[in-house]
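Reading through the structure tokens given below for one structure.
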Amino acid sequence: MAEFLSLKDAVKKYLKSGDMAAFEGFTHLIPHAAAHEVIRQGIDELTIVRMTPDLIYDQLIGMGLVKKMIFSYAGNPGVGLLRRVRDSIENGWPRSIEIEEHSHAALANAYEAGAAGLPCAVFRGYLGTELQRVNPNIRSVTCPFTGEELAAVPSIRPDVAFIHALKADRKGNVLIEGIVGVQKEAVLAATHSIVTVEEVVDELDTHMNACILLHWTVSAICEVPGGAHPSYAQGYYGRDNKTYIDWDPIAADREKFQAWMEEHVLKQGPDVFAGRIKGLEVTS
């Protein structure tokens with residue numbers, strides 16, 4: 001059953017050093033506030049999982065909190081590299097990390113298998129690719145019915161899944177609309193889930209085709225307006241493209257990066273996100 005907590009208390013209660021954590025959101029509803037709280041609490045030795053890791057994984061890795069990243073595509077969308085990730089992999093700063101790279105299809109299937117309680121995902125994929133040469137967790141199985149060779153990867157079952165959503169009702173049900181990545185699957189696959197939301201309402205009052213996470217699938221709900229910034233939340237605020245562009249020169253320099261993190265993350269709290277979305281155009 002979902003409980004309503006502050007973000008600080010939720011992270012402290014559910015995420016531990018050495019855990020596997022997923023921070024999911026596909027362009028839309030990326031849980032920046034949650035990742036910043038993890039950074040403030042200094043929870044380390046994490047294995048982090050994500051389709052399209054972007055700024056928050058650059059920040060988690062740059063702060064030395066990550067030992068392994070399981071991912072499909074990594075970059076600053078529309079801008080270029082994740083420079084803190086690259087510095088870690090190429091130069092071991094601030095520490096070396098292990099990486100396990102997959103295709104989007106593989107990670108989506110791995111989350112779905114985790115949500116179903118299965119040990120692995122089986123699907124058509126990786127034909128003609130070379131990721132198998134560098135990722136021993138990409139294997140093949142023969143279908144017992146047709147003889148077809150299929151790809152297989154381990155299921156993803158995080159200790160904690162973090163997502164940002166539009167709203168929750170007071171019973172603990174959560175609404176996600178717009179572009180939905182694998183947030184639902186990540187929550188269902190995880191042992192615990194922490195959901196930040198734009199607002200808590202009496203009734204969700206939504207249409208029949210909406211994606212609803214029922215209260216019994218969620219561990220904690222935290223009301224954090226603006227908690228997806230600089231990504232966007234449909235119906236609340238648009239994407240802050242300038243922040244993504246500005247991040248590149250910050251992340252390119254170790255001292256600039258550390259100074260930015262000190263000023264904008266370590267010295268702040270979740271309430272700062274509400275101010276960051278002021279003036280952004282509402283995305284319908």
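Put a dot 7 Å past the Cα of Asn209, heading toward its Cβ, do the same for Glu263, and the two dots end up 4.6 nm apart. Each Lys and Arg Cβ is given +1 and each Asp and Glu Cβ -1; about its Cα centre, the chain then shows a dipole of about 400 debye. Percent antiparallel among DSSP beta bridges with both residues in the chain, to the nearest 5? So the antiparallel bridges amount to about 30 percent of the total.
Between Tyr73 and Val122, how high is the FRET efficiency from 1/(1 + (r/R0)^6) when r is the Cβ-Cβ distance and R₀ = 25 Å? Nearest 0.05. Could the numbers behind the result be given before it?
Working: r = 22 Å, r/R0 = 0.88.
Between Tyr73 and Val122 the formula returns 0.70.
Candidates Ile176, Ile221, Pro94 compared by Cα position along the dipole of the chain: farthest toward the positive end lies Pro94, with charges placed on Cβ.
Where does each of 187-194, 72-79, 102-109, 275-282 land if you order them by average Cβ count within 10 Å, highest first? Don't skip to the answer; put the middle values down first.
On the way: 187-194: 23.5, 72-79: 16.0, 102-109: 21.9, 275-282: 13.6.
Going by the mean number of other Cβ atoms within 10 Å, highest first, we get 187-194, 102-109, 72-79, 275-282.
Cross-link partners for Lys184 among the lysines, with Cα-Cα distance under 16 Å and sequence neighbours closer than 8 places in the same chain left out: Lys167. If you plug the beta carbon distance of Glu149 and Asp248 into 1/(1 + (r/R0)^6) with R0 = 51 Å, you get a FRET efficiency near 0.75. Summary of packing: across the peptides 173-182, 122-131, the per-residue average of other C-beta atoms within 10 Å ranks them, highest first, as 173-182, 122-131. A 1.4 Å probe over all protein chains sorts Phe26, Phe145 by accessible area into Phe145, Phe26, starting with the largest. Dipole magnitude for the stretch 208-284: computed about the Cα centre from +1 point charges on Lys and Arg Cβ and -1 point charges on Asp and Glu Cβ, it is near 140 debye. Accessible area of Lys13 (1.4 Å probe, protein heavy atoms only, ligands and nucleic acids ignored): about 110 Å².
Each Cα pair under 8 Å and six or more residues apart adds its separation to the average, and for the stretch 159-284 the resulting relative contact order is 25 percent.
So for the stretch 159-278, Kirkwood radius off the Cα pairs, Stokes-Einstein at 10 °C and 1.306 mPa s: how many µm² s⁻¹?
Values: Rh = 15.6 Å.
Diffusion coefficient, whole number: 102 µm²/s.
Only Lys, Arg, Asp and Glu carry charge here, each on its Cβ (+1 for the first two, -1 for the last two); on that basis the stretch 40-97 has a dipole of about 40 debye about its Cα centre. Considering only alpha-carbon pairs that sit under 8 angstrom and 6 or more positions apart, the relative contact order computed for the stretch 179-234 is 46 percent.
Could you order Glu24, Glu3, Glu112 by accessible surface area, starting with the largest, using a probe radius of 1.4 Å? Before the final figure, lay out each step's value.
On the way: Glu24 5, Glu3 55, Glu112 110 Å².
Ranking Glu24, Glu3, Glu112 by accessible area, largest first, yields Glu112, Glu3, Glu24.
Determine the shape class of the chain: with a ≥ b ≥ c the square roots of the Cα gyration tensor eigenvalues, call it rounded for a/c under 1.5, and otherwise prolate if a/b is greater than b/c, oblate otherwise.
Values: a/c = 1.67, a/b = 1.15, b/c = 1.46.
Note, shape of the chain comes out oblate.
What is the distance in Å between the Cα centres of the stretch 4-80 and the stretch 130-181? Centre-to-centre distance over Cα atoms comes out at 17 Å.
Among all the lysines, which ones have a C-alpha under 18 Å from Lys256's C-alpha, if same-chain residues fewer than 8 places away are not counted? Cα-Cα hits under 18 Å: Lys242, Lys267.
The values are calculated or read from the model by the stated rules, or taken from the named source; none is laboratory data. Because the structure is a prediction, the values reported are computed rather than measured. Positions of Cβ are generated from backbone atoms using ideal geometry, with glycine treated the same way; all protein chains shown enter the neighbour counts. Heavy atoms of the whole protein, side chains included, go into the accessibility calculation; ligands, DNA and RNA do not. Shrake-Rupley method; radii C 1.70, N 1.55, O 1.52, S 1.80 Å.
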